[in-house]
1. State the three equivalent ellipsoid semi-axes of region 196-264, derived from the C-alpha gyration tensor as the square roots of 5 times its eigenvalues, in descending order and whole Å.
2. Under the Karplus relation 6.51 cos²θ - 1.76 cosθ + 1.60, θ = phi - 60°, what is the ordered set of whole-Hz ³J(HN,Hα) values for region 74-83, x standing for Gly and Pro?
3. Sticking to Cα atoms, compute the Rg of region 89-187 to one decimal and its Dmax as the biggest Cα-Cα distance, whole number, in Å.
4. Using the reciprocal of the averaged 1/r over all distinct C-alpha pairs, how large is the Kirkwood radius of region 58-139 in Å?
5. Going toward the positive end of the dipole of the chain, with +1 on Lys and Arg Cβ and -1 on Asp and Glu Cβ, which of S48, N218, I37 do you reach last?
6. Return the tail of the calculated pair distribution for region 176-217, meaning the percent of Cα-Cα pairs more than 12 Å apart.
7. With N set to the number of residues, divide the alpha-carbon radius of gyration of region 38-86 by 2.2 N^0.38 Å and report two decimals.
8. Counting only residues 5 or more places away or on other chains, whose amide H sits under 5 Å from the amide H of S200 once H atoms are built in the peptide plane?
Amino acid sequence: MAKKKRVRYRIIPKERRRNIKKTGSQKLILGLLVVFIVLSALYIFSRSDYFTIDEVHIEGNIKLTQADIINTSGIRQGDNIFSYNTSAAEEALSKLSFVQSVSIVRDYPSEVYIYIKERSSEIAFLNGGIYYYLDSDGIILKSEDTLTDLNVILVSFASDAELGEVNIGTSFDFSADARLGVVKSIYDFARKNDIVDYISEIYVSESGVNYLYTVKSNVVKFYTYAAFEQNKDFIKEFIMYEDRHIMAEVVEDSRPVYKVIEIK
């Protein structure tokens, strides 16, 4: 029978094992120290004059002034480019009523770009002698006692509608009054069919009769939104192409009735 081969185990002396552990710990400490030194150097360099903001570029603003944007964002020329929080600055700017979207980009080492997309007035509600301007999303942008934005659809009533609570920068409550709901439906129809620019005014009489005025000085008259709904195709063509200065009265389950109107 073959003899079994004896396996010899290598035994490392205790003193040598202590030296190995000590060497490993020293390497770890040295590595951490190097990382700390590098990070410290990078931090000190990032706070140096090399990263001082020389220029803040603002693009896309029309109604908002550069001073408004700078003050709201907190990003100023002469500050360190790492001294502001991009998300916080964008959030602050997005709270301005005229701002639809905003993006801030650092251009290292010393320039910052602020890209603004502003909301534009689409509707002006006349209520109690005050004009309330809304954008396409129904956000209330501003209020004035005179109509200064002329490229809007003016909405007026023979008697004041109940607008509910109106706060700049918030969504307009179209459910506060039934007449407002009709106006919203008409505007949504105009946006969907790309004919907003063809409409100049929507007027609701005291008895609830609706008049839709076009930029070509024509009028669509209807008593109920159901009548408007049934004649949408006709109304679209009439708004876009009719130029004879006439009124078209649309009613439910009937053909439109035409009437020549006097242009003053």
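The values are calculated or read from the model by the stated rules, or taken from the named source; none is laboratory data. Nothing here was measured: the structure is a model prediction, and the numbers come from that model. All Cβ positions, even for glycine, are placed from backbone atoms using ideal geometry, and neighbour counts span all protein chains on display. Accessible surface areas use protein heavy atoms only, side chains included; no ligands, DNA or RNA. Shrake-Rupley method; radii C 1.70, N 1.55, O 1.52, S 1.80 Å.
1. After scaling each eigenvalue by five and taking roots: 17, 14, 12 Å.
2. x, 9, 10, 4, x, 7, 6, 5, 9, 7
3. 16.5, 60
4. On the way: mean 1/r = 0.0715 Å⁻¹.
Taking every pair of different Cα atoms in region 58-139, averaging 1/r and inverting gives 14.0 Å.
5. Most positive-ward Cα: I37.
6. Within region 176-217, distances greater than 12 Å cover 62 percent of Cα pairs.
7. Relative to the 2.2 N^0.38 Å estimate, region 38-86 comes out at 1.41.
8. Correct list: Y213, T214, V215.
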